[in-house]
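The structure appears below as structure tokens.
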Amino acid sequence: MNNKLTKVFGQLFVAALFLAGANVIVGCNPEPDESDMYTSTGETAEDFIARKPNLSAFNTILKRVGLDRNLSSYGEYSCFVPTNDAIIAYIDSLYDDTTNKDLPHNGMTQRGLDGLTDSLCNDIAKYHLANGINNSVDLGAGSTVRTMLGRTFTSETSVKYQGMVALEQEAVIIEPDSLVTNGVVHVLNKVIPRSNRVVAAEMERLEEYSIFMKALKETGLVDSLEKTKKPVEYDLPAAESMDNGNSAGNRLYSPKECLIKYTIFAEPDVVMKAALKKAGYSEDFEGLVQFANDTYRDADQWYDMLAEKGLWNNDTKTFEKKVSTGRDFRNRNNALNMFVSYHILFAGMPVNELVFEYSSKTATSWNYVNGCGPFDYYETMLPNTLMKIWQPTWKSNTTYINRYIKNNTLTDQLGQLGKDGMGSDGMHTVVREGIRVVRTSTDQYKTNIQSYNGYIHAIRDMLVYDRLVPQGVLHERLRFDSTTFLPEFINNGIRMSTQAEVSALNGGGSGVRVAFALDYFDGVVSYTKENRFRYNVKGGGWNAWQSDCFQGWGNYDLAIKMPPLPTGVYEFRIFYTPMQHGGMMMFYMGDSKKLSSMVPLDIPLDVRIPMTDPRIGSLYFDDEDDKGIATDAAMRNRGYMRGLYSYKDHPGDGKGAPVDDPLCQTTENQRSDKRNASFRKIMSRSLEVKQSGEKWFRIKNVIPDETDLKWQLDYIEFVPLDVVGNTQYSEDWF
């Protein structure tokens, strides 16, 4: 029995206590009979479904599209099987649906199973099947499951359904965790809901968001949320999708379409009315208009984009620097428009993927150590602004937007951990708690709602871009994973995917990496056709923050658009790992993607140089009496910094200790890891940034004869100079 199935077996007794109506455990036999890939000596998923009379309707659908053979074969599947009553209720709803005049009855030829088209059977079957093991304990903790259809659904422990696990809030698992030789089967009381509406249309159906929805309409921003994919189909030639890394000769998965998605953070009516009433405004749309006017009328004093360039006015066709507090809601410089715009991200994510949070199913966040909580920054629809999303403690499910901690990323006690991070507890006071993201639906409103092109998440207070955001929340060391400012990774389900899921998309082939066409990303420009763009899928033990990495090789020359920052002067750094198969490259920064705007940064970097080379001068900090403080200063003078004390690249301590072992949290981190050293290279000590402008980071191969050496952009850091050079505190090791 493989390790994942063993884990499921061990958790079944917990699941039985955790869920009502736990099913009897089915015997788990070792291997299917190798003489016939469609038979087994034990019970497969298909055997289980076929012998249950109340699952015969789903089995009929499986057989219509040939997926019964998959579930009789080798593999590792999670099967979410609706009962006969659930299937009949669903197909009756399809037949009775009269909203689509161009496709009456959703294409069904008659009521009942026999009226389903092959296409509908395919959609129903694949949306209820996933590769890999998803057990009820992990599903109850909150998961995003990627299905064979290519779309996801989310799970939660439902308050509405007395603590049982619900999928997309409505389909309840009534018989969990039936183990079979090739996976696990869960029986459902409903077909898993799946919306084909765009995100604004989905919100319009939710009466509990009526005030926010009216604001979305009045501002015209509903029109900005209609896109579902780029009007391009990408066809990467086979030779260009071959991997020349650790899996030489394997063709990689290469997406042929590029989806566009959004995330809306919205105040439900009950939250908005309470906040408006508390602030002295009327509890309706007009109260929201006045709130927005009062919040944003002087925004040019802290929103540098306004002061430097202004926001676009559709009526005058000019950039205007003063905020409008009139009824011209569709103008981007209108206060209500600004309020709504700051609630929208260009990346569509379920609530458990807003940050790279802990997941017991995949040990997703095992590389956060020493008490560091996962965080990320995202660009919003309010031009050139960022939003910080943060879970302050590891393994916490409390997610905040724009939580402001005084002196975050600074410390007065290098090397010492307090309850709030590195340093004494008193220096990290909470200035603003931040806006809580609601993770589970309540009786008053739904949250974590999936639409065809995005998600809607409820929040517990009024979200604004005020002075404290650029001057407080974002005035810290800003660390960006490349997958957060290149939203195509998120919107196409690549960022949080597992290798098993990518392998399934690749027809059972390699799932280690993903290959991309050179024009796949809006924020990446290739100056040569000799580039090869790759993504290392998480779970490969990569020496990388958040366990994944954007990389490539070839005779490369490319530029990547940097995330928007508040106006200021920053130290700019990149992460890299010394490796013999790494390249030697030159870096540039430009105010546009034009080559003529590019200015060199420092001298070429040869990542093949080992950590102990005098040009770097790194020592293992645990071997030094002062824990490496003096070496840190010497390395900075040479333009280098050690890796992070807050994460590691492998689970455990490298000696068999479990992930949750306290010793694992302080040993073998990237600052001290003797197996896989990592560094930050200081590219610029004084980079001037305007919020109204752009920055493009160019990476160019300087060894044109070596086309199999890699470049990578895992994470980058922008640090305000008064944080780097703080005279009272030091930058922490996190």
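Label reach from residue 99 (point 7 Å along Cα→C-beta): in region 179-194, amide nitrogens under 20 Å belong to 190-194.
Listed values for region 729-734 are Karplus-derived 3J(HN,Hα) couplings in whole Hz (6.51 cos²θ - 1.76 cosθ + 1.60, θ = phi - 60°), namely 10, 10, 5, 6, 7, 5, and x replaces Gly and Pro. Which shape class, rounded, prolate or oblate, goes with region 85-240 when its Cα gyration tensor gives a ≥ b ≥ c as root eigenvalues, a/c under 1.5 marks rounded, and past that a/b bigger than b/c marks prolate? Note, shape of region 85-240 comes out rounded. Residue 179 sits with roughly 0 Å² accessible to a 1.4 Å probe, with DNA, RNA and ligands left out of the calculation. Given R0 = 56 Å, the distance between the Cβ atoms of residue 398 and residue 608 translates into a calculated FRET efficiency of 0.85. Net charge dipole, the chain: roughly 960 debye, given to the nearest 20, about the Cα centre with Cβ charges of +1 for Lys and Arg and -1 for Asp and Glu.
Counting Lys and Arg as +1 and Asp and Glu as -1 over every other residue whose Cβ lies under 10 Å from the Cβ of residue 180, the net charge comes to -3. Less than 5 angstrom separates the built amide H of residue 698 from those of 560, 588, 589, 590, all sequence-distant by 5 or more or on a different chain. Taking all protein chains together and a 1.4 Å probe, the residues 629, 494 rank 629, 494 from largest to smallest accessible area.
Pull out a ≥ b ≥ c, the square roots of the eigenvalues of the alpha-carbon gyration tensor of the chain, then state rounded if a/c is under 1.5, prolate if not and a/b is larger than b/c, and oblate in the remaining case. It is oblate, given that a/c is not under 1.5 and a/b is not larger than b/c. Region 150-220 and region 509-525 have their alpha-carbon centroids 30 Å apart.
Could you list, in their original order, any pairs among 230/561; 227/561; 561/627; 229/695; 322/690; 273/388 whose Cα atoms are separated by more than 29 Å? Flagged as over cut-off: 561/627.
Could you point to the residue in 562, 390, 265 farthest towards the positive end of the chain's charge dipole, with +1 and -1 charges on the Cβ of Lys/Arg and Asp/Glu respectively? Projecting each Cα onto the dipole axis, the largest value belongs to 562. Solvent-accessible surface of protein heavy atoms, probed at 1.4 angstrom with all chains present, puts 294, 235, 519 in the order 235, 519, 294, largest first. Label point of residue 686 set 7 angstrom out along Cα-Cβ; within region 698-734, no amide nitrogen lies under 11 Å from it.
As a calculated quantity, the FRET efficiency between residue 430 and residue 283 at R0 = 30 Å, using C-beta atoms, amounts to about 0.60.
Quick check on the chain: of the DSSP beta bridges with both residues there, what percent are antiparallel, nearest 5%? Beta bridges within the chain, antiparallel portion: roughly 85 percent.
Report summary: the helix-based calculation at 222 nm, which adds -39500 (n - 2.57) for every DSSP H run with n ≥ 4 and divides by the residues of the chain, gives -5000 deg cm²/dmol. Counted without the sites themselves, the longest stretch of the chain free of GluC sites (Glu not before Pro) in a DSSP loop having at most 11 other beta carbon atoms within 10 Å is 234-734.
Summing Cβ point charges (Lys, Arg +1; Asp, Glu -1) relative to the Cα centre of region 466-614 gives a dipole of roughly 140 debye.
The values are calculated or read from the model by the stated rules, or taken from the named source; none is laboratory data. Keep in mind the model is a prediction, meaning the values are calculated, not measured. Cβ: placed from backbone, ideal geometry, glycine included. Neighbour counts: every protein chain shown. For the accessible areas, the whole protein counts, side chains as well, though only heavy atoms, and no ligand, DNA or RNA atoms are used. Shrake-Rupley method; radii C 1.70, N 1.55, O 1.52, S 1.80 Å.
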